[in-house]
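The values are calculated or read from the model by the stated rules, or taken from the named source; none is laboratory data. These figures come from a predicted structure and were not determined experimentally. Please note: Cβ atoms are built from the backbone with ideal geometry, for glycine as well, and neighbour counts cover all protein chains shown. Side chains included, ligands, DNA and RNA excluded: accessible areas come from the protein's heavy atoms. Shrake-Rupley method; radii C 1.70, N 1.55, O 1.52, S 1.80 Å.
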Amino acid sequence: MKLLIAIVSTVLLFVCGAVPRASATLKDEYFGQPKPGPKAEPLTVPVLASRPDHYIRAVTFSPNGNEAYWPVIDTEDNFKRWIVGTWIENGIWTQPRIAAFSDKRYYDDVPCLAPNGHELFFLSGRPSEEGGEINRVRIWRMTREGDSWSAPVPLPEAVTGGFQIHQQISLDREGNLYFGGEGDGGFGSLDIYSSSRIDGKYQPPVNLGPVINGP
């Protein structure tokens, strides 16, 4: 059930990034829009992507709902992407701006805040060492340090080394990781895998099988 909720949420958030623009503000927790009810409604917020050649997807919120991150994708510049953040101060969202840990050169994408609010994961092609060459896209992890984040660290090669990772990242309350990727033994062009977290360390990922994945 947790995985199903994560998948449905991913689809809804991806669709929300492509809906027509509507008037909205940075006011209150719903960006000036009506509070949600029992029916799913698109979050049409132009402040999240203020230019028509930019679009967004995969918005992630902190557990208390006071912090949000999402990737902005530039369709006019080779689909470069970077991560933008905002948080609530005195009942108003701050003006969204590129996150301190993000860099437009490295195609940073799909951030995911852990359910505990103290970890943030995202995709990036950044080099593993300062000044190094841009690498293939990998999953990077940060931990919260006061009001900021630690330096991003890539997950071990045992977790993501054999994959072309793409699209969404999700975590459950135990810290187990789910992600989309293409690797050996897959059932299609983009399968969902899980990497269990045991004693604080991520294990080699396991394909969720034909019940979830297919051609």
Can you pull out every residue in the range 182-209 that is touching a residue at least 60 places away in the same chain (Cβ under 8 Å) and in a loop (DSSP other than H, G, I, E, B)?
208
Report yes if residue 213 is out of contact with any helix residue (DSSP H, G or I) (no Cβ under 9 Å at 6 or more places or on another chain), under 21 Å from residue 58 (Cα atoms), open to solvent by less than 40 Å² (accessible area, probe 1.4 Å) and not in a strand (DSSP E or B), otherwise no.
yes
The range 83-100 - residue that is of a type outside the set (A, V, I, L, M), touching a strand residue (DSSP E or B) at 6+ places or on another chain (Cβ under 9 Å) and not in a strand (DSSP E or B) and, of those, nearest to residue 71 (Cα to Cα)
96
If residue 32 satisfies every condition in (1) closer than 19 Å to residue 99 by Cβ; (2) at pLDDT 50 or above; (3) among the small types (Gly, Ala, Ser); (4) surrounded by 12 or more Cβ atoms within 10 Å (Cβ to Cβ) but one, which is the exception?
(1)
Counting only residues that are at pLDDT below 90, β-branched (Val, Ile, Thr) and at positive phi, how many does the range 105-158 have?
0
Identify, from the list 88, 83, 56, 73, the residue that is of a type in the set (A, V, I, L, M, F, W, C), modelled with pLDDT under 90 and open to solvent by less than 10 Å² (accessible area, probe 1.4 Å).
73
Taking the condition farther than 14 Å from residue 108 by Cα and buried (at least 21 other Cβ atoms within 10 Å of the Cβ), does residue 68 pass?
yes
